[in-house]
């Protein structure tokens, strides 16, 4: 963020081998370790005519899902931007816009390469790493290969988004959404919402049918509704 405020060029990447205060959405702790995690931030400056940052988190999640698929992992997206494999979290995203310039975004990515042995049980049981997400016969690619693959797909997706907006990617995103058509509960927004997930709008809002009405959810945490 300091580099962005100092005028750094769009496309600048900062990779952290380790983090002393990793965090995700809603200031949750993000655990990483030098050998087991990939954590980096990407500065992207959008032109004034683009719709950014509208639905940007969904666009980033879709780019990561495409990249991981290219590496051989079968994954899905979870609104707004988590990457899941076998219903467990493989990667997360934190997007922050530059103060006074919402067209400049710092896109933070955290990907589990391996689950560290000292990861707390309450986190580990809901997490998965790339070495487990890949087919059994596949070796986990080097961190540099994973980084390059993710950045390549992010660059292509963000460039497309600049000119075409999220509406052109909406159908693909919904096809890859883990909870589409399922009963969900959204918490932490303007109030809990329970109902059937009916995809997302052209602007990235989650659509939930509740009580015969489709509600548009701007923010919150989504989980499957238990029977």
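Every number in this text was worked out from the coordinates using simple rules, so none of it is lab data. Bear in mind the structure is a predicted one, so any value in this text is a computation, not a measurement. Here the Cβ is made from the backbone with ideal geometry for all residues, glycine too, and neighbour counts use every protein chain on show.
The length gained on full extension between residue 218 and residue 2, counted as 0.36 nm times the residue separation minus their Cα-Cα distance, comes to 74.9 nm.
For the chain, what D do you get in µm² per second when you plug the Kirkwood radius from alpha-carbon pairs into Stokes-Einstein at 25 °C and 0.890 mPa s?
On the way: Rh = 18.1 Å.
Once the numbers are plugged in, D ends up at 135 µm²/s.
For the chain, give me the percentage of DSSP beta bridges that are antiparallel, rounded to the nearest 5 percent. Please report the intermediate quantities before stating the final value.
Working: 44 of 46 bridges.
Of those bridges, close to 95 percent are antiparallel.
Per-residue Cβ neighbour counts within 10 Å put 221, 180, 82 in the sequence 221, 180, 82, beginning with the fewest.
Using Cβ contacts closer than 10 Å as the measure, can you line up 160, 2 from fewest to most? Before the final figure, lay out each step's value.
Details: 160 14, 2 7.
The most exposed by this proxy come first: 2, 160.
Restricting the calculation to alpha carbons of segment 127-227 gives Rg and Dmax of 17.1, 49 angstrom. Taking other C-beta atoms within 10 Å as the exposure proxy, 182, 88 rank 182, 88 from fewest upward.
For the residues 148, 194, 91, a GNM of the chain with alpha-carbon springs under 10 Å puts the largest fluctuation on 148.
How big is the equivalent ellipsoid of segment 76-200 along its three axes, where each semi-axis is √(5λ) from the Cα gyration tensor, reported in whole Å from largest to smallest? Please report the intermediate quantities before stating the final value.
Values: eigenvalues 125, 98, 54 Å².
Semi-axis lengths for segment 76-200 are 25, 22, 16 Å.
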